[in-house]
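Okay, structure first, notes after.
Coordinate-derived values only; no laboratory data. In this text, all values refer to a predicted model and were calculated from it rather than measured experimentally. Here the Cβ positions follow ideal geometry from the backbone for every residue, glycine too, while neighbour counts run over all protein chains shown.
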Amino acid sequence: MIKVVILGGGYGGIYALRQLVKNHNIKITLVDKNTFHNLQPEVYDLIANKSNIADVTIDLTTLCYGLRHDYLEFKNTRAEDIDFDKQTVHTSEKESIAYDYLIIATGSRTRFPKNLNNLKYTNDLKKLNRALYFKQNFETQLLKKITDEAKKCDNTHIVVVGAGLSGVEITAEMAYNSRKFFKRGKFACEDMKISLVTSGDSILPGFSSKMITASHRRLKSLGINIISNTKLQNTDDDYLYLSNGKKILYSFVIFAGGIESANLTLKLDLEKNHKGQVIVDEYLRIPKYQNIFVVGDAGEFKNIKGETMTENVILAKTTGILAAKNILSLLANKKMQKSNPKFKGTLIALGGKYAVCDIYGIFQIEGFMAYLIKKYVFLRYRWPLLKYIKIGYKIFYNR
């Protein structure tokens with residue numbers, strides 16, 4: 001029986017899995033160090049107390065049961081290395097998993113510059129445990145503000161370094177919720193400062209000027225201090241030292257200054273870009289190993305014009321589905337499809353029930369309506385998975 005292994009249960013891996021299970025005559029193994037699929041774009045609702053852990057995760061064990069494929073197996077372990085010649089994945093539990101076809105969907109992580117001290121102690125919101133730690137830390141800062149307000153009103157300064165999508169969204173959510181907190185409680189001490197540091201001329205590099213303008217306007221309305229054309233050069237326990245010669249006394253810092261590929265792909269002897277993302281051919285295969293496909297943040301993908309596409313959930317979806325379809329085509333002796341990812345739109349959450357939305361680069365919506373569109377897109381992805389885990393839960397406990 002043909003063996004297909006998927007490394008990673010993120011968006012790209014899950015989309016690939018949902019395609020592959022349509023063929024019931026192959027053995028599929030999903031490998032992930034976590035027991036859950038993290039709905040990372042929705043973690044801001046968790047931080048804002050609008051949802052709980054169950055709302056932003058999908059259990060991978062019950063998901064696999066719910067997909068009702070006789071030869072589907074989930075292995076909760078870390079993929080440590082790949083032996084390309086022997087077509088084997090080696091795991092942290094000293095297990096060897098053989099494959100005929102392999103999909104690398106290991107995603108990315110926040111890139112922490114090695115020359116900066118103390119950054120390892122900052123909050124990496126791509127990891128659920130760190131997002132929960134941040135949530136607690138943020139709420140602790142709010143509590144500190146009001147604990148001694150009758151005697152003093154300490155200056156609290158939260159700094160977000162990096163003004164890409166993640167940095168902008170979390171900054172907006174913090175500002176919105178701190179304002180809501182102080183307004184509801186009518187506290188005397190409300191001086192909480194939030195700064196967003198960007199090395200570029202503006203926020204959201206790579207986005208359209210209209211999206212940048214709308215997002216910038218929203219951030220300013222929330223009282224966020226935007227520091228542009230400035231890099232973080234060093235840190236200590238109290239201060240951030242910036243390239244403009246200034247230093248900032250901070251309460252805690254979030255680093256959102258870009259991504260790099262996950263540990264596994266970084267260590268593999270493959271052609272990669274400066275982020276450690278694997279270079280693939282037009283069919284999403286590694287040129288040197290034509291039975292290995294790469295999807296999501298693990299790879300670098302270009303459209304038909306040769307333009308490199310920005311990492312996002314839509315790209316993970318399109319590459320995950322295409323990689324799986326191409327494997328099924330090879331098994332059926334059919335022609336594979338070439339990759340041509342297209343820009344379909346962007347959704348940016350900007351605190352509370354406010355968002356900006358760009359649809360196909362033609363229409364732009366901002367405010368509550370854009371927020372509803374964003375929620376619809378998320379629910380449309382989540383609903384089928386909830387159906388599968390509900391089925392899988394019953395199967396698992398009735399074995």
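Out of residues 5 or more away from H37 or on other chains, whose amide H comes under 5 Å of its own, with H placed 1.01 Å from N in the peptide plane?
I58, D59, L60
Determine the gain in length on full extension of the stretch L331-D85; use 0.36 nm per residue of separation and subtract their C-alpha separation, reporting nm with one decimal.
86.5 nm
Between [x] -0.43, -0.76, -0.97; [y] -0.31, -0.64, -0.91; [z] -0.35, -0.71, -1.00, which entry matches log10 I(q)/I(0) by the Debye sum over Cα atoms at q = 0.07, 0.10, 0.12 Å⁻¹ as derived from the coordinates of this structure?
Only one option fits the structure, namely [z].
Where the centre of each part is set by its Cα atoms, how far does region 209-241 sit from region 281-323, in angstrom?
Cα centroid to Cα centroid, the span is 32 Å.
Roughly what would the spin-label model give for K344 and V377, points 7 Å off Cα along C-beta, in nm?
Modelled inter-label distance: 0.9 nm.
What FRET efficiency would be calculated for the residue pair N303, S221, taking the C-beta separation as r and a Förster radius of 22 Å, to the nearest 0.05? Could the numbers behind the result be given before it?
Details: r = 35 Å, r/R0 = 1.58.
Efficiency computed from Cβ-Cβ geometry: 0.05.
Need one number: nm distance between label points at D236 and R68, each 7 Å from Cα along Cα→Cβ, rounded to one decimal.
6.4
Work out, step by step, the length gained on full extension between F396 and N137: first 0.36 nm times the residue separation, then minus their alpha carbon distance; give nm to one decimal. Could the numbers behind the result be given before it?
Working: separation 259, 0.36 × 259 = 93.24 nm, distance 3.67 nm.
Contour length minus Cα-Cα distance gives 89.6 nm.
Based on the Cβ-Cβ distance from N244 to D281, what FRET efficiency comes out when R0 is 35 Å, to the nearest 0.05?
Values: r = 43 Å, r/R0 = 1.24.
The value I calculate is 0.20.
Hey, quick one: spin label on E95, modelled 7 Å out along Cα-Cβ, who in region 31-68 has an amide N within reach, i.e. under 14 Å?
Flagged as within label range: 31-35, 61.
Taking the chain as the reference, fit the longest principal axis to its C-alpha atoms, fit the long axis of helix 165-185 to the helix C-alpha atoms, and give the angle between the two in degrees, 0 to 90, nearest 10.
Helix 165-185 and the main axis of the chain meet at about 50 degrees.
Taking the 0 to 90 degree range and rounding to the nearest ten, how far is the long axis of helix 313-331 tilted relative to the main principal axis of the chain, both from C-alpha atoms?
Around 0 degrees separate the two axes.
Note the angle between two axes, namely the Cα long axis of helix 209-221 and the longest principal axis of the Cα atoms of the chain, as a number of degrees from 0 to 90, rounded to the nearest 10.
Tilt of helix 209-221: around 40 degrees.
Relative contact order (percent) for the chain, with alpha-carbon contacts under 8 angstrom and 6 or more residues of separation? Display every interim value, and only then the final one.
Values: 776 pairs, mean separation 79.4, N = 399.
It comes to 20 percent, rounded to a whole number.
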